[in-house]
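*Asks:* Quick one: the structure is below, and I'll ask about it shortly.
The values are calculated or read from the model by the stated rules, or taken from the named source; none is laboratory data. Given the structure is predicted, the values throughout are model-derived calculations rather than measurements. With ideal geometry, Cβ positions are generated from the backbone for all residues, glycine too; neighbour counts draw on all protein chains shown.
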Amino acid sequence: MVKPTNINSDYREEERLSCVLVLDSFNIYINEIAAHTTLPLCLWPVDGQPLLDYTIHTLIRSGIQEIILLATSNSYEIRSYLMNSYWLRTYPKLIRLIPCKEARSLGDCLKDLEQENIINNHFLLLYGNGTLLTNEKLNNLFYIHKENIKKDKNCVMTLVYRQLDSNHLEHPSFTDDQHLYIVRDANTHRLYDYSNEYLDTYEIPLDLLEKPNVTIETLYCPLDCHLAVCSPDVLHLFKDNFDFLTINEFVKGKTTSH
């Protein structure tokens, strides 16, 4: 039996650790592949177990106490699976499924979640199919996010990326849509510029280089882990900005507004 990890007592007193899984990639290429099967991608088996099983296992090991699943067109199949799963029998109050049948983007899903009025604390957001294969525990990300807020009170989201080596084009996890270019402070990791366009050259605004006590560094094509720790304000920002349909648009909008 998997038991939640004992985590820092400050967090246990402060708030309930929650994770939101968006169980749709909203990627036309991935959805075309998934359309040829009767199962949603999150229920595809790996070594005899659905991908969703590995994700839930990781979250419980990480001390997550509430898992919210946002499902679009396959909510019936996912609910049927959960009703007969080990997880619901063992942790009946751990998982909550919210159908988002009208959602056409990640932004739509988060707007639906905001209307539920159930997120009042910082939460882990897992997007891009809502599945994760890792041996790492994720509860430390909440601590990192809180430290980021101490450094910058305007921080509403901590994104998780993996920097690939110089042969990133040959990495098995790299796909054609991984063209990310990030300009950040090397000390605080605050994002100052962000682009997912593939360009031959990128320009760094001169005013960034003139900022006092800021050491600028650039990251080219970091691997997006589709994982972020969010402040509750993120849901309100998606609700108030209808042009925020993806995480990329949200991040670009926030970096250009400050």
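*Asks:* Find the residue count for the range 7-41, including only residues that are at pLDDT 90 or above and hydrophobic (A, V, I, L, M, F, W, C).
*Replies:* 6
*Asks:* Which of the residues that make up the range 55-73 are of a type in the set (Ser, Thr, Tyr) and surrounded by 18 or more Cβ atoms within 10 Å (Cβ to Cβ)?
*Replies:* THR55, THR58, SER62, THR72
*Asks:* Can you pull out every residue in the range 122-137 that is basic (Lys, Arg) and modelled with pLDDT under 90? Even if it seems obvious, please write down each step before you answer.
*Replies:* Within the range 122-137, the subset basic (Lys, Arg) is 137.
None; the set is empty.
*Asks:* Scan TYR220, TYR198 and give me the residue that is closer than 18 Å to VAL160 by Cα and exposed (fewer than 14 other Cβ atoms within 10 Å of the Cβ).
*Replies:* Values: TYR198 fails: closer than 18 Å to VAL160 by Cα.
When all the criteria are applied, what remains is TYR220.
*Asks:* Let me ask something else about it. Could you tell me how many of the residues in the range 121-158 are more than 23 Å from ILE60 (Cα to Cα) and either touching a residue at least 40 places away in the same chain (Cβ under 8 Å) or buried (at least 18 other Cβ atoms within 10 Å of the Cβ) (or both)?
*Replies:* Total meeting the criteria: 5.
*Asks:* Moving on to the next point. Residues that are buried (at least 17 other Cβ atoms within 10 Å of the Cβ): which helices (runs of 4 or more DSSP H) entirely in the range 74-120 hold 2 or more of them?
*Replies:* Filter on the range 74-120 gives 75-83, 106-116.
*Asks:* Could you pull out the residue among TYR81, TYR143 that is among the aromatic types (Phe, Trp, Tyr) and out of contact with any strand residue (DSSP E or B) (no Cβ under 9 Å at 6 or more places or on another chain)?
*Replies:* None of the other options fit; the residue is TYR143.
*Asks:* Can you pull out the residues in the range 177-217 that are over 20 Å from SER257 (Cα atoms), at pLDDT 80 or above and of a type in the set (Val, Ile, Thr)?
*Replies:* THR215
*Asks:* Of the residues in the range 193-221, how many are in a loop (DSSP other than H, G, I, E, B) and either of a type in the set (Lys, Arg) or in contact (Cβ under 8 Å) with a residue 40 or more places away in the chain (or both)?
*Replies:* Total meeting the criteria: 3.
*Asks:* Would you mention how many residues in the range 223-251 are in a helix (DSSP H, G or I) and surrounded by fewer than 18 Cβ atoms within 10 Å (Cβ to Cβ)?
*Replies:* Within the range 223-251, residues that are in a helix (DSSP H, G or I) and surrounded by fewer than 18 Cβ atoms within 10 Å (Cβ to Cβ) number 6.
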